Amino acid sequence: MHHKRLIWQLYPSQLLITIIALLAAAGYGAYSLRAFQLAQTGAGLEARAHLTQEHVLSLLAAKDPEALQAFCTSAGKRSGTRLTVTDTDGEVLADSDEDPGRMENHAGRPEIIAALAGRPAPSLRFSHTLQENMMYVAIPLVQNGKTRGVLRTAIPVTFIDNALRAIILKILWGCLIVALVVALVAWFIAQRISRPLEEMRLGAERFAGGAFTTKLREEGAEEVASLARAMNAMADQLDGRIKTIARQHSQLQAVFSSMVEGVITVDTEERILDINQAGARLLDIAPEKIRGKSALVAVRNLALQRFISQALASAKPIEGEIDLTGRDGQEKYFYAHGTRFQDASEMTSGAIIVINDVTNLRRLENMRRDFVANVSHELKTPITSTRTPGGLWRSSPSSPSGCTPSSRIFSPSPGWSRTRSTPSWCWRKRRSANPCGGPLRPAGPRRPRKKSASNSTPRMI
């Protein structure tokens, strides 16, 4: 959107207001002057009528119409005024410019009505007889308390209009000169008002570009100087805060880059905002190519995408394992920590995911498990695979006499079976009958003989 400059908003409005004020003043002055001139003309006509009133009354009393007509004609020419005498019925008795016999009745004329009512008032109208605008003033002719007629004086107002036109023309020229002077003054004032604001605009643009060393000049009106002072203070604060933020950002970037764990930040739409070198190395992706892309599109791992969704939805930190198949076809294992972060309005603005490579630990765990399983198997194999060819059984002292010592040693019959937890020389009886007639008990391994002087090597049975 295009915006006008301040000077073009101030200057035209000031100039327009000035011109309108001048025209209004000129129009009101012309109107007042014309009204004043008409009032003065009316007063003059009334004064002339009063000057001739006594002579006209004497002529009316003498009842000499010709003398009255001659007086009106001569007096009218000398004074430049039209004189008209009528009776109370409006019939014209004498007129300085026309023949009274050809003139119509004047009973309905406004000035005649006002005069007979005792309130003389000027009347301005166009005269069809003289074909020009005329002002009429009439006074009653009263003698001995009795109204004998009306004396009317009239004068053309054309000279008044001509004089007013000349005066109005002079007023217009004066207004034009004043308007030009006002235009120059308004331009100067608008420039003086807008120049400091323009400098502030340029200073604000420098501040926006990071150039805080050049300060604004604190001059002009108090309001403008206060604004410049406030903007300079704001620039100093912004300079300090930006330097602090830049230093902290540099420190965080150093920490971020030196971490062996992978760190991924995403927004609420699960788009990757940033990722450190360790994370890119672990996920085998290029950091500059995935920023701004969806995590599922960038990594193409459904487990990671689900973990990110859970981190964004959970109010508490979450943990979990993620497996990933690399480009080389080897499977990798990661242990992930995720938590969401909020903005200033306490609205969720994204999440941060920290991943640790536990592939080697998982492989070592598998190797330990396989090793333990193999060792256990090897330890169990000699015991479980040994089969005793014969069992040595002793009969109890209460065995029948029919049992000979040779019959105490026999191969295990199908009725005897070895349990898994007993040694190969320990047997359990399945049948209760003893062919020798006495209870049987398994014969344990014989105790080693005592060492003799001739043979020191023990022998085990």
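Listed here are the strands (runs of 3 or more DSSP E) enclosed by the range 256-373 that have at least 1 residues being surrounded by fewer than 13 Cβ atoms within 10 Å (Cβ to Cβ): 318-325, 331-342. Inspect all residues belonging to the range 239-252 and state whether any of them is at negative phi, modelled with pLDDT of 85 or more and in a loop (DSSP other than H, G, I, E, B). Checked the range 239-252: no residue is at negative phi, modelled with pLDDT of 85 or more and in a loop (DSSP other than H, G, I, E, B). The residues listed here are L197, L202; of these, the one that is touching a residue at least 60 places away in the same chain (Cβ under 8 Å) and within 35 Å of the chain's Cα centre (by Cα) is L197. All conditions but one from (1) in contact with a Gly (Cβ under 7 Å, 6 or more places away or on another chain); (2) within 17 Å of G350 (Cα to Cα) apply to A278; the one that does not is (2).
Just checking, does the range 59-66 include any residue being under 27 Å from A117 (Cβ atoms), free of Cβ contacts under 8 Å to residues at least 24 places away in the same chain and not in a loop (DSSP other than H, G, I, E, B)?
Filtering the range 59-66 down to residues under 27 Å from A117 (Cβ atoms) leaves 59-61, 63, 65.
Add one more test, that the residue is free of Cβ contacts under 8 Å to residues at least 24 places away in the same chain, and what stays is 59, 63.
Within this subset, residues satisfying the condition of being not in a loop (DSSP other than H, G, I, E, B) are 59.
Yes, that holds for at least one residue.
The sole residue among V150, V137 that is in contact with a helix residue (DSSP H, G or I) (Cβ under 6 Å, 6 or more places away or on another chain), modelled with pLDDT of 85 or more and closer than 18 Å to A62 by Cα is V150.
The values are calculated or read from the model by the stated rules, or taken from the named source; none is laboratory data. The structure displayed is predicted, hence computed values, not measured ones. Ideal geometry is used to build each Cβ from the backbone, glycine not excepted, and the neighbour counts take in all protein chains shown.
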